[in-house]
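Data block below; observations after.
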Amino acid sequence: MSEKWTTANIRDQRGRVAVVTGANTGLGYETAKALAERGASVVLAVRNVEKGEQAAARMTGDVTVQALDLTSLDSVRTAAAALRSRLDRIDLLINNAGVMYTPKQSTHDGFEMQFGTNHLGHFALTGLLLDLMLPVLGSRVVTVSSVGHRIRAAIHFDDLQGERSYGRAAAYGQSKLANLMFTYELQRRLATHGTTIAVAAHPGISSTELSRNSPAALRLPLSRLAPLLAQTPAMGALPTLRAATDPAVLGGQYYGPGGRNEAKGHPRLVTSSPESYELAVQQRLWAVSEDLTGVKFPVVQAEQSSFPPDHGGHA
């Protein structure tokens, strides 16, 4: 397959059902749009239903909208119940929605906003929908991380909610590191089932609304540099789309742009930080996430193994 993987490489998706969070704008919109154009039945899982309906109207194909507020576990449970009532299967769950560099604030359940939205909300949603995926051969959970997972890379178990010390960038980095650790531990648990895989992706540096909470001192420089450093949302969505649709993808892999420093370019297999592969931390994070969300997955902890570093490297 060509190194310059594009939406033209996406195979026919007819008969497949995809749920994409945060799909009314940016990366999620481009991801959902491309899947719908290839024939998938796509559900836009969004906080603002009106904006979701407007986004759906701009897409071609079978596209519907589901209300989902990842900052509220009640909303996550309600959305999961609604999806379970209307769908008999899910082929693709794409955990794309996220917040970045928010000021210190909490979710409805009292979690730090970035950790609660980016990680815990998606953790809960995945756990509540996974039994719609396990019977489906070839189904995938794709979780969107970020190059920011390397920023002060650690899961601060002694202060997960940033109550003693809070920094926007560090909190974002923790949430994106959690996305990867969740993916790797989920894949380890899924491996014995042989039907569903968990994969991660990141968009590099993309021009989206996600950076709107950047500190004021950075906004103007970033806006001026964006045309040089950033790629379009359509390009930024390609790693997610490849992770979701490329037949060669393996569980536990991580896809990102192939250019310098993974900032932009066509998607390829990449590696995450050494910290992201720490098995004991992955398993501790999983246990803590189950306790915080009250969601138990229909897959059990697997035996320890060297996975996923054996699946890492570059394509």
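The values are calculated or read from the model by the stated rules, or taken from the named source; none is laboratory data. Fair warning: this is a prediction, and the values are worked out from it, not measured in the lab. Methodologically, a virtual Cβ is constructed for each residue, glycine included, from the backbone with ideal geometry; neighbour enumeration extends over all protein chains shown.
Brief remarks follow.
- Scanning segment 266-284 for residues that are surrounded by fewer than 19 Cβ atoms within 10 Å (Cβ to Cβ) and hydrophobic (A, V, I, L, M, F, W, C), we see that the one that is farthest from L238 (Cα to Cα) is A280.
- Residues in segment 162-195 that are under 20 Å from the mean Cα position of the chain (by Cα) and part of a loop (DSSP other than H, G, I, E, B): A191, T195.
- Yes/no for D69 being of a type in the set (D, E, K, R), touching a Ser or Thr at 6+ places or on another chain (Cβ under 7 Å) and over 21 Å from V144 (Cα atoms): no
- Residues in segment 104-143 that are in contact (Cβ under 8 Å) with a residue 12 or more places away in the chain, of a type outside the set (A, V, I, L, M, F, W, C) and assigned to a loop (DSSP other than H, G, I, E, B): K104, T107, H108, D109, G110, P135, G138.
- Top-ranked residue in segment 44-74 [being part of a helix (DSSP H, G or I) and touching a residue at least 24 places away in the same chain (Cβ under 8 Å); ranked as surrounded by the most Cβ atoms within 10 Å (Cβ to Cβ)]: G52
- Subset of segment 1-13 [surrounded by fewer than 20 Cβ atoms within 10 Å (Cβ to Cβ), under 25 Å from A97 (Cβ atoms) and either touching a helix residue (DSSP H, G or I) at 6+ places or on another chain (Cβ under 6 Å) or of a type in the set (A, V, I, L, M) (or both)]: T7
- Taking every residue in segment 85-103 that is assigned to a loop (DSSP other than H, G, I, E, B) and pairing it with any residue that is among the small types (G, A, S) and modelled with pLDDT of 95 or more, at least 6 positions away or on another chain, the pairs with Cβ-Cβ distances below 6 Å are D91/S139; N96/G22; N96/G28; A97/G22.
- Residue ID - surrounded by the most Cβ atoms within 10 Å (Cβ to Cβ), chosen from residues in segment 85-94 that are under 24 Å from T245 (Cα atoms) and over 20 Å from the mean Cα position of the chain (by Cα): L87
- Subset of segment 148-187 (residues that are farther than 23 Å from Q105 by Cβ, modelled with pLDDT of 95 or more and touching a helix residue (DSSP H, G or I) at 6+ places or on another chain (Cβ under 8 Å)): L180, M181, Y184, E185, L186
- Qualifying residue in segment 174-189 (condition: buried (at least 21 other Cβ atoms within 10 Å of the Cβ) and among the small types (G, A, S)): yes
- Yes/no for R16 being within 30 Å of G265 (Cβ to Cβ), surrounded by 15 or more Cβ atoms within 10 Å (Cβ to Cβ), basic (K, R) and in contact with a Leu (Cβ under 9 Å, 6 or more places away or on another chain): yes
- Residue under evaluation L250, criteria (1) touching a His at 6+ places or on another chain (Cβ under 6 Å); (2) without any contact (Cβ under 8 Å) to a residue 60 or more places away in the chain; (3) among the aliphatic types (A, V, I, L, M), criterion not met: (2)
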